[in-house]
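The values are calculated or read from the model by the stated rules, or taken from the named source; none is laboratory data. These numbers come from a predicted model, not from an experiment. Cβ sites come from the backbone with ideal geometry, for glycine too, and all protein chains shown count toward neighbours. Keep in mind that these areas ignore ligands, DNA and RNA; they rest on the heavy atoms of the full protein, side chains included. Shrake-Rupley method; radii C 1.70, N 1.55, O 1.52, S 1.80 Å.
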Amino acid sequence: EKLAALYEGLAKWVGWYDACRDNDGDGVPQYESAEECGFDGCPVFEKQNAGELPDLCAFLALLEEKLGDLAEMLGRAESADWYARSKARIERMISAFWNGKRFVGRAAESGETLEAESIVFYRPLILGKPLPKEIVAAMAADIAEGGYLATGGVSSRPTAHIEGSDLPV
C-alpha cells in the first residue's frame, strides 16, 4: 500500500515536470529560477531566470528508472514504459546539451546557449553507466583540471572564482 502511494506520487511529480516545466514542448523541462536547481547563486541564471539544464534531465531520468523498478515490484505492466522514458530522456539530454566537450544549458525563452563555470553542468554524472564512457571521461578530466576539487570535496564553482578563497586544490 505504501509502495503504491509512493509510486503514484512520484509518477505525478514526473508528470508535473513534463506538463508544467516544458514550456516549449521539446521534451526538456526547465528550471524557472536558480533556487529550483539548488544553487541560489548559480551563475547560469545571472542573465535570465528560466533555463534548461542537463542535470534536471538526469534527475528525472533516474526517477523514471526507479519508477520502472517500483512498477515491477508492484506488478504493474508499465515498468517497461518507465525504463524506455528514462533512456529517451538521457538521449534527449545528450543531444540537447552535450557540445562535444562538456554539457551546456539553454535559456528557456530564447534558446540561447548558457555556459558558466558551475558544478551544475557536471551533475549528470549521477547517471553513471547510462552515460557514454567518453562523456564521463571528459567530465571527470574537466572537474579535476577546472579547479572544482577542494579540500572538503567538490566546490559548486571553481575555487579560483570564489572571492577571498584560499581553499587548496
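Worth a mention:
- Placing dummy labels 7 Å off each Cα toward the beta-carbon, the span from Ala84 to Asn49 is 3.7 nm.
- In plain terms, the chain is cut at each of the GluC sites (Glu not before Pro) found in a DSSP loop with at most 10 other Cβ atoms within 10 Å, and the longest leftover piece is 47-162.
- For the residue pairs Lys101/Lys129; Lys47/Lys129; Lys47/Lys133; Lys12/Lys87; Lys12/Lys129; Lys2/Lys66, alpha carbon separations beyond 24 Å are given by Lys47/Lys129; Lys47/Lys133; Lys12/Lys129.
- From helices alone, the chain scores -14500 deg cm²/dmol at 222 nm; the rule is -39500 (n - 2.57) for each run of n ≥ 4 DSSP H residues, then divide by the residue total.
- Förster radius 25 Å - calculated FRET efficiency between Ala140 and Ser33 (Cβ-Cβ, nearest 0.05): 0.30
- A 1.4 Å probe over all protein chains sorts Leu67, Leu6 by accessible area into Leu6, Leu67, starting with the largest.
- Furthest towards positive pole of dipole, Gly111, Thr151, Leu131, structure part region 103-154, Cβ charges: Leu131
- Using only side-chain charges placed at the Cβ, +1 for Lys and Arg and -1 for Asp and Glu, the dipole size of region 1-131 relative to its Cα centre rounds to 460 debye.
- The Glu8 and Ser95 beta-carbon pair, evaluated with R₀ = 30 Å, returns a calculated FRET efficiency of approximately 0.45.
- Note on the chain: Rg/Rh from C-alpha atoms, Kirkwood Rh, equals 1.01.
- DSSP H segments from the chain that extend 20 Å or more along their own axis, Cα-based, with Kyte-Doolittle mean of 0.5 or above: 54-73
- Amide H contacts of Ala150 (H built 1.01 Å from N, in plane; Pro and chain starts excluded): Ser155 sit under 5 Å, all sequence-distant by 5 or more or on other chains.
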